[in-house]
Amino acid sequence: MQPDTTATTPVKQTRRPKLQIGQMLRSPLVLPLAGLIVVSLLMGLASENFFSFDNIFNVLRQVSIVGILAVGMTFVILTGGIDLSVGAVMALSGTICAGLVVNMGMPGVVGLAGGVLVGIAFGMFNGAMVAWGRMPAIIVTLATMGIARGLGLIYSGGYPISGLPSWLSWFGIGRIGIVPVPVIFMVLIYACAWVLLQRTPFGRHVYSIGGNETAARLSGVKTQRIKLAIYTISGLTSSLAAIVLTGRLMSGQPNAGVGFELDAIAAVVLGGTSIAGGRGLILGTLIGAVLLGILNNGLNLMGINPYLQDVIKGLIILLAIYIGREWR
Amino acid sequence: MLELKNIKKSFGKVEVLHGVDLEVRAGEVHALLGENGAGKSTLMKVLCGIIQASDGTIKINGEEQHFANYDEAIEAGIGIVFQEFSLIPYLSAFENMFLAREICNRFGLLDRRAMRKRAREILAQLDVELPLNAPVADLSVAEQQFVEIAKALSLEARILVLDEPTATLTPSEVEHLFKVLRELRRKGVAIVFISHHLEEIFEICDRITVLRDGEYVATCDVADVDNDRLVEMMVGRRIEHNFPPRRDLLPKADPVLEVEEIQLARGGPVSSFALRRGEVLGFAGLVGSGRTETALAMLGAHPAARCKMKMEGKEVRFREPADGLAAGIGLLPESRKEQGLITSFSIVRNISINNYAKYARNRFFIDLKKELYCTQEAMSQVSVKANSPFDRLDTLSGGNQQKVVVARWLNHDMKVLIFDEPTRGIDVGAKAEIYHLMRDLTARGCSIIMISSELPEILGMSDRVCVFRDGGIVATVDGSDITSEKIMTYATTGRKENAA
């Protein structure tokens, strides 16, 4: 073995490497993007309506709710955790929002704020249990999923709460120009998440916890606080999704969002994020969510039996993960 | 009975066993003795077929054997009780003993009665009684060890290897274990006994084989040697590395860190020490003597029953390593892969992990240019060899990885750095560079605690040495008292001199 000499590397300012083809091919975005293109082309071939403006915005609008939930889920999964409570928290948040406005006569803004507070509170609870209670995330959030769902049903008696002021529908079905409001909403949230993850120390710490929690902690990362923060973010995005949902349905639906946590997880994983944490990009999650939406939409357009659609979606997810799995 | 001849083993290009002999007779307890890293465990792994020797022969009862794996070694009558037990904690004693060789009745179902009966017979041979049905996790450490031994015997082991069996036992449990071993010896079992505790070796063993740095030193009868002679054989005269010269410490260098009392477990020993500005304080001792745990406990990363310390005269208490970082204490952990680095991340990411305050823009955002510049500066200070700062850590050599860990702390004006096994698994050249770095750091006024299992390193680098044994500091030596004999004697017996 050649012993290291003391030759020092001069401090030269290398630039951040330009994206080269080889590197681009190794980016975690490649596979999701390829999947998106392939699936879009297939759908376009199968149905001539697919590539119309109307249909594309329709797909994006449908994607927006799961897409927003998947933002929080990305933070959580990047640290190696999981949040099963997002669907139920979203339903509870929407129900409380509607309840405050309809049953208690509060202004709509107070209702929205109340809903968001509920989401944040649940997220903080999850985070505290995981970080300081040292319980596995899957169990904690499974429990809070049940709690949130149950509380929503108790509060509403199991019925939708309708009679909201009509301006709230702007969040669900409004448009700015030709672009649906929920889509703008979603893109803004993704932009914020991108900045947080890629341009702040907080984001780097999120990745480092997923990469090697012990190493992160021993080098001085406040791992517990970061965990509290990411579950809180997940609660927050759940409640933001609830705003879109409430605006679309124009009511608080305690039974809404069943199984959405699974769609959100699927979007994250289809987007190339490692379920073990430490690797993945928020942009990938957006691609994953859109991919899921296109599948839903395309299979509908093709008139395929909805039961069969679930089977097909499941198989496609399996295939995608199989192709994208890490080689060791 | 058992004869190992000229065993050699290399990992990659590094030879760790340079032709070791070991001969064990039936009905004797044979001690295998050596410092940390002398090659005892490697030799035993070769014997058990867990790893294969590069050269040399294994003979059992005169017949040459080649073990491709552990199962073949068991087949040939070898049983081993590892330092860390391989029992399944939630299964009962007899279920563990018959794991993967369950006795079944003719319906293919477990025959629990037959297994229990057989287990009881074996334990009766050992003159041991223990609850057969309770999960082994509920048994004491000693009882678990008996289960391990019984498991080996149920496989008709004629050669039994015990790797540091007494490390975690109380004195009365050790007595019981020795009774069992004497019983086995009477029955003609050949026992290989690995221990660092010399007094135990004098009590139970018949003959001793000493290894040093992967070399065979000697085999002798216990009756023919004394404590001092054994230490001398273990330590030997060795080629000194070229360590950078010590700096003359100011005679009255003020203490940076005073640990007034630290106790790892309730009822355990209470230690105290002080660290002066610009000094290298060595933590010597055997593996498991509490050096790493003490360091982690200081930073709040390991539970401690008591921990009271002062930093530059002010009382401090760290709840997590982040508090330590804020106060100016950093840790470079012993296992780079598990505790030090995120190997799937780039060098930049790994160095900047605790440096973000340095590159902040508008308090909240990362200044990517500054990050890159600081990283490259840190890399060149410790001369990390890599194509680019964006290389993944797992593409670097061990020495370069270690330098990355060091680089992470350079941007901070750290007052205290704790190096845990700083040169483990890195080549000679990189070692020398790490030593120079440590000297440079002390010249800049940083104080260093160096935990090391390599005596030459302790001797060559430390200004003072704290010797650990059984969870606490038994002695602090400095100046001309820093000799390998003194340190090894403290570490193995806890006493200054063997009462000769």
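Values computed for the structure shown
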| item | result |
| --- | --- |
| Among residues of segment B:327-356, those that are more than 8 Å from chain A (Cβ to nearest Cβ) and either within 30 Å of B:Gly288 (Cα to Cα) or small (Gly, Ala, Ser) (or both), counted | 11 |
| Filtered residue count, segment B:27-68, keeping only those that are in contact with a Gly (Cβ under 6 Å, 6 or more places away or on another chain) and in contact (Cβ under 8 Å) with a residue 60 or more places away in the chain | 3 |
| Failed condition for A:Gly80, given (1) open to solvent by 50 Å² or more (accessible area, probe 1.4 Å); (2) modelled with pLDDT of 90 or more; (3) within 14 Å of another protein chain (Cβ to nearest Cβ) | (1) |
| Test for B:Ala301: is it over 24 Å from B:His436 (Cβ atoms) and not aromatic (Phe, Trp, Tyr) | yes |
| Top-ranked residue in segment B:59-74 [being farther than 18 Å from B:Glu156 by Cβ and touching a strand residue (DSSP E or B) at 6+ places or on another chain (Cβ under 7 Å); ranked as surrounded by the fewest Cβ atoms within 10 Å (Cβ to Cβ)] | B:Glu64 |
| Pick from segment A:171-191, criterion among the small types (Gly, Ala, Ser) and out of contact with any Gly (no Cβ under 6 Å at 6 or more places or on another chain), ranking: modelled with the lowest pLDDT | A:Gly177 |
| Single residue of B:Ala430, B:Ala407, B:Ala378 found to be within 7 Å of chain A (Cβ to nearest Cβ), buried (at least 18 other Cβ atoms within 10 Å of the Cβ), outside any loop (DSSP other than H, G, I, E, B) and aliphatic (A, V, I, L, M) | B:Ala430 |
| Single residue of segment A:152-170 satisfying the filter (buried (at least 20 other Cβ atoms within 10 Å of the Cβ) and within 24 Å of the chain's Cα centre (by Cα)) that is nearest to the other protein chains (Cβ to nearest Cβ) | A:Leu168 |
| Some residue of segment B:89-100 being in a loop (DSSP other than H, G, I, E, B), hydrophobic (A, V, I, L, M, F, W, C), at pLDDT 85 or above and open to solvent by less than 30 Å² (accessible area, probe 1.4 Å) | yes |
| Residue match in segment A:189-196 (condition: more than 13 Å from chain B (Cβ to nearest Cβ), within 17 Å of the chain's Cα centre (by Cα), open to solvent by less than 20 Å² (accessible area, probe 1.4 Å) and farther than 27 Å from A:Ile139 by Cα) | yes |
| Residue check, A:Leu25 away from chain B (no Cβ under 14 Å), farther than 18 Å from A:Leu291 by Cα and at pLDDT 65 or above | yes |
| Checklist (1) open to solvent by 20 Å² or more (accessible area, probe 1.4 Å); (2) closer than 26 Å to A:Val59 by Cα applied to A:Gln309, failing item | (1) |
| Residues within segment B:117-173 that are of a type outside the set (S, T, N, Q), in contact with a helix residue (DSSP H, G or I) (Cβ under 6 Å, 6 or more places away or on another chain) and assigned to a helix (DSSP H, G or I), tallied | 11 |
| Residues of segment B:389-401 that turn out to be farther than 18 Å from A:Gly211 by Cβ and either modelled with pLDDT of 85 or more or in contact with a His (Cβ under 9 Å, 6 or more places away or on another chain) (or both), as a count | 1 |
| Residue within segment B:211-228 that is assigned by TED's automatic domain parsing to the domain that holds B:Val16, surrounded by fewer than 18 Cβ atoms within 10 Å (Cβ to Cβ) and among the small types (Gly, Ala, Ser) present | yes |
| Leading residue by the ranking (farthest from the other protein chains (Cβ to nearest Cβ)) among those in segment A:260-279 that are part of a loop (DSSP other than H, G, I, E, B) and crowded, with 24+ Cβ neighbours inside 10 Å | A:Gly271 |
| Selection from segment B:298-355 of residues that are open to solvent by less than 50 Å² (accessible area, probe 1.4 Å), closer than 26 Å to B:Ser397 by Cα and in a helix (DSSP H, G or I) | B:Arg336, B:Gln339, B:Gly340, B:Ile347, B:Val348, B:Asn350, B:Ile351, B:Ser352 |
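Quick grid of which residues meet (1) over 19 Å from B:Glu334 (Cβ atoms); (2) of a type in the set (A, V, I, L, M, F, W, C):
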| residue | (1), (2) |
| --- | --- |
| B:Val405 | no, yes |
| B:Leu410 | yes, yes |
| B:Tyr435 | no, no |
| B:Glu457 | no, no |
| B:Val477 | yes, yes |
| B:Ile482 | yes, yes |
| B:Thr493 | yes, no |
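The values are calculated or read from the model by the stated rules, or taken from the named source; none is laboratory data. Here the structure is a predicted model, which means the values were calculated and not measured. Please note: Cβ atoms are built from the backbone with ideal geometry, for glycine as well, and neighbour counts cover all protein chains shown. We work out accessible area using only protein heavy atoms, side chains counted, and drop any ligands, DNA or RNA first. Shrake-Rupley method; radii C 1.70, N 1.55, O 1.52, S 1.80 Å.
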